[in-house]
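Contents: one structure, followed by commentary.
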Amino acid sequence: MIGVYDSGYGGLSVLKHLQEALPERDFVYLGDSGRAPYGGRDVHTILDFAEQCVERLFEEGCRVIVVACHTVSCVALRHLQQRYCPVDGDRRILGVTIPGAEAAIATGAQHIAVVATARTVASGTWTTELHKLARVRVTERAAPLLAGIVEEGWEDTDLARSAVERYVADLHDADTIVLGCTHYPLLERAFARALGDGVAVLDPGPVVAERLAAWLQRHPDFDAPGAGSLRVLCSGDPAAFARHGARFLGAPLPLVEPITEVAGRLAHRHPDDAPRGQVVR
């Protein structure tokens, strides 16, 4: 069973490609929508949230977890791997940044621009990983408004197109633009329109799926073909998650199971079971 973790709905755009590449694998998706967005959070809060989410997925029976959230992949992946994945252990946590960086370099670009959340940009991880691979010019651009626009379902509006145009106005000399947030693939047409034909727009999602399939072939001990099932967990409103999530996945979601933080851990609990009034713990 493969776990996929994101701060909210956006990682479903990555899960879509994972399911296409690995149709016989079983997936558990965890969207921490009740505490999203992560992009403006401080580093230690992101670490705390990430620990809780991967622990929940391990408890659900996942042995391999894909951190679909670019912010977590850039800020917390090494921490998670060191904490939960000893070299000789039976668990692995994989990210999206390195596959995305490798795909960007493979385009032959000399100037790569990464549009992402404020926390992703502040980490400098994209620049570090790209410079490990080649001597290229890298520009990282924070675009904090875009995720909210997508979550509202406004990706095909003049507001979305105008926002994208403002964020990339000085990036027309880039060869490749990397969509460094899982929400941004829904804005791919807006990016392409704003940048014109001379700039390639790269969604890392398909590359992540391709690399995971190859990784499982190289590590058959972690591969476990199943029935192509999907379970979805979220820390926010399950009805809202199912409604919005279908746009990212491109298909209706199964019954969304609510989870919530209880004593520092994410646990299954229906919203109707929430305590009322004064609470002492």
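Here are Ala68, Ala113: which of them is within 21 Å of Ser13 (Cβ to Cβ) and not assigned by TED's automatic domain parsing to the domain that holds Val164? Break it down stepwise before answering.
Numbers: Ala113 fails: not assigned by TED's automatic domain parsing to the domain that holds Val164.
Result: Ala68 is the single residue among Ala68, Ala113 that is within 21 Å of Ser13 (Cβ to Cβ) and not assigned by TED's automatic domain parsing to the domain that holds Val164.
I'm checking my understanding of the structure. Among residues of segment 68-86 that are among the aliphatic types (A, V, I, L, M) and not in a helix (DSSP H, G or I), which one is nearest to the chain's Cα centre (by Cα)? Walk me through how you get there before you give the answer.
If we filter segment 68-86 for residues that are among the aliphatic types (A, V, I, L, M), which is where we start, we get 68, 72, 75-77, 80.
The next check asks that each one be not in a helix (DSSP H, G or I); those that pass are 68, 76.
Details: Ala68: 3, Ala76: 12 Å.
Looking at the filtered set, the residue picked out is Ala68.
Need pairs with beta-carbon distance below 7 Å; first residue assigned to a helix (DSSP H, G or I) and within segment 49-67, second small (Gly, Ala, Ser); sequence gap 6+ or separate chains.
The qualifying pairs are Ala50/Ala76; Leu57/Gly3.
For segment 92-111: of the residues being in contact (Cβ under 8 Å) with a residue 60 or more places away in the chain and assigned to a loop (DSSP other than H, G, I, E, B), which is farthest from Val138 (Cα to Cα)?
Ranking the candidates gives Val96 first.
Condition test on Arg78, is it touching a residue at least 12 places away in the same chain (Cβ under 8 Å) and outside the structural domain of Val121 (by TED's automatic domain parsing)?
Working: touching a residue at least 12 places away in the same chain (Cβ under 8 Å): no; outside the structural domain of Val121 (by TED's automatic domain parsing): yes.
No.
Could you pull out every one of the strands (runs of 3 or more DSSP E) wholly within segment 230-272 that has 3 or more residues that are in the same structural domain as Gly61 (by TED's automatic domain parsing) and of a type outside the set (A, V, I, L, M, F, W, C)? Working first, answer last.
On the way: elements: 230-234, 256-262, 265-268.
Per the criteria, 256-262.
Name the residue that is surrounded by the most Cβ atoms within 10 Å (Cβ to Cβ), counting only residues in segment 195-214 that are more than 12 Å from Ala104 (Cα to Cα) and under 19 Å from the mean Cα position of the chain (by Cα).
The residue in question is Val208.
Anything in segment 27-48 that is surrounded by fewer than 23 Cβ atoms within 10 Å (Cβ to Cβ) and either farther than 18 Å from Ala116 by Cα or free of Cβ contacts under 8 Å to residues at least 12 places away in the same chain (or both)? List them, or say none.
Scanning segment 27-48 gives Phe27, Val28, Gly34, Arg35, Asp42, His44, Thr45, Leu47, Asp48.
Do any residues in segment 125-152 that are over 22 Å from Phe248 (Cβ atoms) have Cβ atoms under 9 Å from those of residues that are among the charged types (D, E, K, R) and part of a helix (DSSP H, G or I), where the two are at least six apart or on different chains, and which pairs are they?
Final answer for the pair search is Glu129/Glu102; Leu133/Glu102.
Can we say Gly89 is more than 15 Å from the chain's Cα centre (by Cα), at pLDDT 95 or above and in a loop (DSSP other than H, G, I, E, B)? Please lay out each step first, then the result.
On the way: more than 15 Å from the chain's Cα centre (by Cα): yes; at pLDDT 95 or above: no; in a loop (DSSP other than H, G, I, E, B): yes.
When the stated conditions are applied, Gly89 does not pass them.
The values are calculated or read from the model by the stated rules, or taken from the named source; none is laboratory data. These figures come from a predicted structure and were not determined experimentally. Neighbour counts are summed over all protein chains in view; Cβ atoms, including those assigned to glycine, are modelled from backbone coordinates with ideal geometry.
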